[in-house]
1. Return the only residue of S388, S363 being under 23 Å from L465 (Cα atoms) and either modelled with pLDDT of 90 or more or over 27 Å from the mean Cα position of the chain (by Cα) (or both).
2. When you go through (1) modelled with pLDDT of 85 or more; (2) surrounded by 14 or more Cβ atoms within 10 Å (Cβ to Cβ); (3) within 49 Å of the chain's Cα centre (by Cα); (4) in a helix (DSSP H, G or I) one by one for E404, which number turns out not to apply?
3. Sort through C545, C560 and tell me the only one that's in contact with an Asp or Glu (Cβ under 7 Å, 6 or more places away or on another chain), farther than 24 Å from D483 by Cα and surrounded by 15 or more Cβ atoms within 10 Å (Cβ to Cβ).
4. Tell me the residue from N158, N130 that is surrounded by 15 or more Cβ atoms within 10 Å (Cβ to Cβ), on the phi < 0 side of the Ramachandran plot and more than 36 Å from the chain's Cα centre (by Cα), please.
5. Within the set of pairs 6+ apart or on separate chains, which have a first residue in region 462-484 that is free of Cβ contacts under 8 Å to residues at least 60 places away in the same chain, a second that is in a helix (DSSP H, G or I), and C-beta atoms under 6 Å apart?
6. Scan region 290-325 for residues that are in contact (Cβ under 8 Å) with a residue 12 or more places away in the chain and over 24 Å from G347 (Cβ atoms) and jot them down.
7. Are there any pairs with C-beta distances below 6 angstrom linking a residue in region 520-535 that is surrounded by 15 or more Cβ atoms within 10 Å (Cβ to Cβ) to a residue that is of a type in the set (V, I, T) and part of a helix (DSSP H, G or I), with the two at least 6 apart or on different chains, and if so which?
8. When you look at K369, is it charged (D, E, K, R) and either closer than 16 Å to N289 by Cβ or surrounded by 18 or more Cβ atoms within 10 Å (Cβ to Cβ) (or both), yes or no?
Amino acid sequence: MPFISVSEDIAKKAFTYVENKFITKYLPVLEPMAVKIYIYALYLGQNGRSSFTLSDFAQSLQLAEDDVKNYFEYLEEFELVSVTSVLPFEVKILDAENVVGTPKKFKPEKYSDFTKAVQNVLKGRMISPNEFREYFYLLEEYGFEQNALVMIINYCVNLKGDDIRFAYIKKVAKTFADEGIITAKKVDEKLSAYTSVTPTLLQLFNAVGIRKTPDIDDDKLYRKWTVELGFEYSAISAAAKFFKAKTTEKIDAALEELYKNHKYDIKEIEDYCNTKNSVYNLTFDIAKNLGVYMQNPTPYVENYVNIWCDYGFSFDSLKQLSVYCFKNGKNSFEDMNSLIQNLFDNGIIADVSVNGYITDRISEDKLLKEILSACGLTRKVVDWDRQSLSRWRSWNFGDDMLFEAAKLSSGKSNPMAYMNGILSAWKSEGIFTVDKITSNTSSIKQNGTDPRVERAEIERHYFELRQAAEARAERAVARATEDEIYGKLRAELNNLSIELAFAEIRDPDKAKMISEKIDEYEKKADMRLKELKIDKSEFIPKYSCNICNDTGYDKNGNPCECLNRFIASLKS
């Protein structure tokens, strides 16, 4: 997706269009540089400059990339733009009609002591009325004590110098507010705790070649790495080294990847990085064997192949299984994942057991092909057939009895279902050898249909209907998750859902925060689906019958109309 994109209404314009509402309502209260950035972004978005990057944008306006990001976040507060992605950084310009209300107006005299204190801290420049208005907004909107906000501003100035921009101060202040740190006492405690970890951050920065002074954002990340993710300093330093991460953002991304793949120890991290390229090559081989086109292998590596390797499957076994899947109509990573999960649950992991499984399945498919032929069918073997064979063997029927049942089923409207009914009847009557089959056996009738055969046909019919609907939905999900941005959002939503389940039991306040975060991610995910032109409703199985959802029975347990019609068709 391009760095700058616009809503459809604006995209249709053939010139750089600035709404009068923006000029009359927002231009007077926005920072001058924010106005400049907004208009330049409009120009790029409306004139097809999709190849422009964040770096190009910053260079054109002679600004640092971080400053550009901060100004876009500033504009986002006015609902003039939407930051749709942080990494890579992407922005969508919104129609000003989306904006609800105008910035609040404040009475400067209410904050006379505060304004004097702030101006004394920022001695290197005069503070503009617009900047003061933003400070007043922080005081009223977030509930900061005046002395608390002055302490935060003083901290920022000591860190960055007198020429510090307001956007950075606001970002730090909002970080404090998000943690509920809005009183002078709590701010002092926070800054003291931050100071205590600064030497460790300086040591890390020197070790990995980061040339900057640690700030409050770095402190927050370091606490995330050590407290939330559970990494020790040595592991963090090793991760930065092996991933060649030269910024805290890249270290954070590396640690997130390691955390997701359960790599915490230095040796585990080293082994993971050394084999990472091999895993990517393996992923390409698997995709080739499955007949899957990959635009970006990373989501497949993270969501499938890394997990399979962590289960203990060897590269050779995974390649063999991908070939087996393709030959048996399982032509996606999701289908292969279902097979591997089943193997893992049953302890079939080592090469010898995987080879044995594949050999057994090939042998069973050969047998099933012969049974289908005896039934008068020429189609390929499907999962239903394999499930049926497994069931028949659990009933203690040998191959000779299966072929006898197949011969009797030949010529019927649904031979395999009829065969299932015959075997069920033989099982009930204790008939497990060919010599005990007689023409008087109740399962062999010249007229009519055994009710058990009818039952089998019904079960198969509705199983196939449900399977088809659910398979369509799964394919739609797989198609969407192939997109890197949506795939990451969906993975994060899954993780948040798990966190929410625990939080609802242990910490209601945290549960509320997680719920709000889930809402935020769902909006981003929905927006991404819209950009991909994928209808979210495709993720829900569309059953052929809306009354029973292809079960044959309505919500009250009564036979559905579609079931009655199907039974009638069997008897016709």
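The values are calculated or read from the model by the stated rules, or taken from the named source; none is laboratory data. This structure is a prediction, so every number in the text was calculated from the model and none was measured. Glycine also receives a Cβ, built like all others from the backbone with ideal geometry; neighbour counts cover every protein chain displayed.
1. Numbers: S363 fails: under 23 Å from L465 (Cα atoms).
That would be S388, the only listed residue that is under 23 Å from L465 (Cα atoms) and either modelled with pLDDT of 90 or more or over 27 Å from the mean Cα position of the chain (by Cα) (or both).
2. Unmet for E404, out of (1) modelled with pLDDT of 85 or more; (2) surrounded by 14 or more Cβ atoms within 10 Å (Cβ to Cβ); (3) within 49 Å of the chain's Cα centre (by Cα); (4) in a helix (DSSP H, G or I): (3).
3. Result: C560 is the single residue among C545, C560 that is in contact with an Asp or Glu (Cβ under 7 Å, 6 or more places away or on another chain), farther than 24 Å from D483 by Cα and surrounded by 15 or more Cβ atoms within 10 Å (Cβ to Cβ).
4. Values: N158 fails: surrounded by 15 or more Cβ atoms within 10 Å (Cβ to Cβ).
None of the other options fit; the residue is N130.
5. A480/Y486
6. L290, G291, V292, M294, Q295, N296, P297, T298, P299, Y300, V301, E302
7. Hits for this filter: R528/I485.
8. Numbers: charged (D, E, K, R): yes; either closer than 16 Å to N289 by Cβ or surrounded by 18 or more Cβ atoms within 10 Å (Cβ to Cβ) (or both): no.
Criteria not met by K369.
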